[in-house]
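Read the structure below first, then the notes.
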Amino acid sequence: MMMENLGSAKSTSQIIKKYGFSFQKRLGQNFLIDDHVLDKIVDAASVGKDDGVIEIGPGIGTMTQRLCERAGKVIAIEIDSRLIPILEETLSAYDNVSIINADVMKTDIRSLAEKDLASLNVKVVANLPYYITTPIVMELLEKRLPIDSITIMVQKEVAERMKAKPGTKDYGALSLAVQYYAQTYYAANVPPNCFIPRPKVGSGVIRLDIRKEPVTEVYDEDHMFEIIRASFNQRRKTLVNAVSNHASLPHSKKELEEALKKLDLPAAIRGEALDLNQFAALSNLLTSKDLYGKISK
Ligand code: SAM
């Protein structure tokens, strides 16, 4: 049985008052107070008894309660030690939850997934602190952890960048990095009045389903992402100019033009027009010793 439902302004205010809790802006503390939104996030993550959920930043445990109701097991990682006694109260009815008082960036998520949640499908679900969204998401993706999906509330503009397609204004290095590792599903828009305190920006719920197979074949991932970063660093420039100017890449204009030609792409193309397969093919051409021999595309 769920104890007192926290998904309202009234019950959240009561808990905060009881413990004399004050919000820390620097920790991105904006707590959800909308039942409908909370259900939407847990529905989007499609959490069931076969799932082990890692929740980042449980706050006072509002979403954690719902996750405990539905999941096999929940591990909640909260950096703010003032919230731990609150969580112990609000989650006292559940025996399938562990609370860890730690910084998620310093937590061994692999060990939690492989040992503590062994035999369960691991899903990350979180209303993320916005000051650290991209580092958390990239850490989860790049380490190739044994997780199925990541369902997160993020700043709406960040969700838009994560799911953006080539040629759109939001398309950039974050879109390519996220889409390389995961398929994106946008679940909901969430306005500021669903939180206390209200954030200045709108929010969105996005699910990232981790790819089991690579979406494209690339010889040197680091090189491809360096090309991508170089292309979007100077968005207004052509890809040839942006990449040839980039200090950490050794490619000349001529070399880049030849590679683009080989890929049937115009010499004046900008990075924002290339999709992930094209960036991979370009990187493969540039990293192969024999520009014209090794890859025939
Ligand atoms: N899940 C709660 C909710 O939806 O109401 C709170 C979400 S609030 C946006 C973000 C939470 O993440 C806060 O409780 C904050 O203290 C916590 N947090 C911030 N930085 C963190 C970090 N590096 N590691 C773990 N938790 C963190």
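The values are calculated or read from the model by the stated rules, or taken from the named source; none is laboratory data. Computed from a predicted model, the values in this text were never measured in an experiment. Using ideal geometry, Cβ is built from the backbone for each residue, glycine included, and neighbour counts are taken over all protein chains shown.
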Here the residues within segment 45-79 that are under 22 Å from Ser111 (Cα atoms) and surrounded by fewer than 18 Cβ atoms within 10 Å (Cβ to Cβ) are Gly48, Lys49, Asp50, Gly72
Log entry, pairs with first residue in segment 55-70 being in the same structural domain as Leu120 (by TED's automatic domain parsing), second being part of a loop (DSSP other than H, G, I, E, B) and of a type in the set (D, E, K, R), beta carbons closer than 8 Å, six or more apart or on different chains, reads Arg70/Lys49
Scanning segment 142-166 for residues that are among the charged types (D, E, K, R) and in a loop (DSSP other than H, G, I, E, B), the one farthest from Lys212 (Cα to Cα) turns out to be Lys165
Pairs returned, first residue in segment 131-144 that is at pLDDT below 95, second residue that is away from the ligand (no atom under 13 Å from the Cβ), beta-carbon separation under 7 angstrom, 6 or more apart or interchain, are Lys143/Arg110
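Select, from Lys212, Lys200, the only residue that is assigned to a loop (DSSP other than H, G, I, E, B) and more than 22 Å from Pro146 (Cβ to Cβ).
Sole residue among the options that is assigned to a loop (DSSP other than H, G, I, E, B) and more than 22 Å from Pro146 (Cβ to Cβ): Lys200.
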Those residues of segment 74-89 which are within 11 Å of the ligand (Cβ to nearest atom) and more than 18 Å from Gln24 (Cβ to Cβ) amount to none
### Message
Given the criteria within 16 Å of the ligand (Cβ to nearest atom), under 25 Å from Ile60 (Cβ atoms), at pLDDT 95 or above and within 12 Å of the chain's Cα centre (by Cα), does Pro197 qualify?
### Response
no
Of those in segment 41-73 that are within 12 Å of the ligand (Cβ to nearest atom) and part of a helix (DSSP H, G or I), the residue farthest from Ala118 (Cα to Cα) is Thr62
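Is at least one residue of segment 91-100 among the charged types (D, E, K, R) and within 11 Å of the ligand (Cβ to nearest atom)? First the steps, then the outcome.
To start, the set of residues in segment 91-100 that are among the charged types (D, E, K, R) comprises 95.
Checking which are within 11 Å of the ligand (Cβ to nearest atom) leaves us with none.
The answer is no, given that none of the residues of segment 91-100 is among the charged types (D, E, K, R) and within 11 Å of the ligand (Cβ to nearest atom).
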| field | Qualifying residue in segment 44-54 (condition: under 17 Å from Pro146 (Cβ atoms) and basic (Lys, Arg)) | value | no
Check: Ile152: within 17 Å of Val205 (Cα to Cα) and surrounded by fewer than 20 Cβ atoms within 10 Å (Cβ to Cβ), yes or no?
Finding: no
